[in-house]
Amino acid sequence: MNKEKVIQTTVTAHIENFGKEPEAAAWAPGRIEVLGNHTDYNDGTVLSAAINLGHCFCISRSSRPGIHLLAVDVNQIAAFDTANMEKVPGFSWANYIKGVFHFIQEHLGEKIDGLDCTFLGSIPMGAGLSSSAALEVAAATAVLKILDATIDQKEIARLCRRAEHLFAGTNCGLLDQFSSLFGRDHGLIHSDFRTLEVSPVQLPADIEFLVVNPHVKHSLADSPYNERRERCEQAAAQLAELLPHPVTALRDVSPEEFETHRSRIAAGAAKRAAHIVGEIDRVERGVELIRQGDLTAFGALLFQSHQSSIENFENSCPELDIVVEAAREAGAPGARLSGGGFGGSAIVMVRADQAQTISEKITALCKARGIVPEILAVTPSAGAQIIQ
Ligand code: GLA
């Protein structure tokens with residue numbers, strides 16, 4: 001379903017269920033992580049893009065107390081109060097919204113109550129495209145509109161992340177929310193998660209990304225995501241003892257310093273840190289290569305990133321490795337797992353005129369190796385917006 005259709009369907013469902021036109025509506029996109037894996041919570045940098053798939057969130061005021069929230073795809077309404085932090089029984093998807101409303105309410109010091117809400121999205125669940133962050137950002141954008149309130153966008157990202165931490169149990173960084181808020185049409189964004197600066201990185205207009213989903217079960221909450229984060233923090237603390245300058249995160253360790261000292265820190269933590277230090281370096285080299293128009297060399301960094309996921313971070317899986325290898329054999333300039341890993345999707349960078357051929361080749365190569373992937377072509381797109 002394209003964006004216009006998603007918006008139209010959400011508005012129609014809202015009117016049918018609540019008997020009222022929405023007074024506020026917002027769209028927020030999912031994201032692909034193009035380069036910079038697990039670097040966000042290490043104070044590092046990432047190249048990412050918002051995509052042309054996302055969530056629409058509509059709201060109107062109601063005289064009934066509480067929040068009534070319709071999920072159009074499952075045709076169910078959850079009801080909750082934003083005052084407490086209890087999970088909404090039976091409706092796990094409603095917790096993201098409850099979390100967002102709760103933290104916005106706390107931030108504004110203004111009760112959020114008496115709202116009818118409806119949402120629908122086009123992002124496949126579990127594909128690693130940050131469906132939950134898109135939903136959070138769409139809900140935040142729409143509720144601020146109806147409250148006629150403003151919160152700095154970086155603070156909105158933080159509030160949404162708190163909802164994710166507390167209600168979904170994943171100690172994620174800010175990448176997903178930043179990408180959904182700050183995405184650019186036909187471009188990547190370079191986010192620095194230490195300074196929180198975001199800058200656009202223009203891509204040639206004919207670059208697309210294929211999202212190749214081998215359908216491996218993906219849930220960051222059950223994955224070793226939080227454990228990986230702890231290992232990174234442990235590595236940073238150990239390196240801080242060895243280096244002459246302050247180290248508060250792996251961002252502070254250069255590839256040279258890491259190579260000099262890696263044998264003196266715990267072996268398990270060193271492997272994880274090798275990935276992060278290498279990724280941050282690849283992101284910075286990648287930005288330069290895009291600026292020089294060298295997409296072949298940029299693509300090679302994507303393959304290197306995937307190899308480091310296999311060897312160092314151990315967040316890939318055999319199915320994703322098959323997809324990335326198939327992409328290489330099909331002639332794509334670059335491919336890697338995108339997002340948390342442990343399942344989810346791989347992204348493949350392609351020129352638009354090659355997308356169809358490369359996609360068919362990947363499918364054939366994957367089928368010959370026992371997996372049937374789902375492939376979606378996505379384009380880098382603008383970030384969250386108020387529709388009305
Ligand atoms: C998930 C998290 C992000 C980020 C990526 C890995 O998408 O939500 O914060 O850590 O994994 O780069």
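The values are calculated or read from the model by the stated rules, or taken from the named source; none is laboratory data. Given the structure is predicted, the values throughout are model-derived calculations rather than measurements. Note that each Cβ is placed from the backbone with ideal geometry, even for glycine, and that neighbours are counted across all protein chains shown. Surface areas here come from the heavy atoms of the whole protein model, side chains and all, with no ligands, DNA or RNA. Shrake-Rupley method; radii C 1.70, N 1.55, O 1.52, S 1.80 Å.
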Lone unmet requirement of (1) within 13 Å of the ligand (Cβ to nearest atom); (2) of a type outside the set (Gly, Ala, Ser); (3) surrounded by fewer than 21 Cβ atoms within 10 Å (Cβ to Cβ) for residue 336:
(3)
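Rundown of residues vs (1) surrounded by fewer than 22 Cβ atoms within 10 Å (Cβ to Cβ); (2) farther than 25 Å from residue 188 by Cα, yes/no style:
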site: 22; (1), (2): no, yes
site: 27; (1), (2): no, no
site: 33; (1), (2): no, no
site: 55; (1), (2): no, no
site: 59; (1), (2): no, yes
site: 63; (1), (2): yes, yes
site: 90; (1), (2): yes, yes
site: 99; (1), (2): no, yes
site: 107; (1), (2): yes, yes
Residue list for the range 39-51, filter: open to solvent by less than 10 Å² (accessible area, probe 1.4 Å) and either within 9 Å of the ligand (Cβ to nearest atom) or of a type outside the set (A, V, I, L, M, F, W, C) (or both):
39, 42, 44, 45, 46, 48
Any residue in the range 151-171 that is of a type in the set (A, V, I, L, M, F, W, C) sitting within a Cβ distance under 8 Å of a residue that is open to solvent by 60 Å² or more (accessible area, probe 1.4 Å)? List the pairs, counting only those 6 or more apart or interchain.
151/107; 159/107; 166/85; 167/87
Tell me, which residue of the range 68-85 that is under 13 Å from residue 167 (Cβ atoms) and either more than 26 Å from the chain's Cα centre (by Cα) or open to solvent by 60 Å² or more (accessible area, probe 1.4 Å) (or both) is modelled with the highest pLDDT?
80
So, residue 369, is that one touching a strand residue (DSSP E or B) at 6+ places or on another chain (Cβ under 7 Å) and basic (Lys, Arg) or not?
no
What's the total number of residues in the range 158-170 that are near the ligand (Cβ under 9 Å from one of its atoms) and either closer than 20 Å to residue 380 by Cβ or not in a helix (DSSP H, G or I) (or both)?
1
Between a first residue in the range 191-206 that is at pLDDT 95 or above and a second residue that is among the aromatic types (Phe, Trp, Tyr), which pairs have beta carbons less than 6 Å apart while being 6 or more apart in sequence or on different chains?
191/178; 198/182
Which is within 16 Å of the ligand (Cβ to nearest atom), among the small types (Gly, Ala, Ser) and at pLDDT 95 or above, of 345, 359?
345
Test of understanding: among 181, 243, which residue is among the aliphatic types (A, V, I, L, M) and either surrounded by 19 or more Cβ atoms within 10 Å (Cβ to Cβ) or closer than 30 Å to residue 362 by Cα (or both)?
181
Scan of the range 114-130 for residues that are open to solvent by 20 Å² or more (accessible area, probe 1.4 Å), within 16 Å of the ligand (Cβ to nearest atom) and either among the basic types (Lys, Arg) or touching a strand residue (DSSP E or B) at 6+ places or on another chain (Cβ under 9 Å) (or both), ordered by number
124, 126
Please determine, by comparing only the residues of the range 1-20 that are under 22 Å from the mean Cα position of the chain (by Cα) and in a loop (DSSP other than H, G, I, E, B), which one is surrounded by the most Cβ atoms within 10 Å (Cβ to Cβ).
1
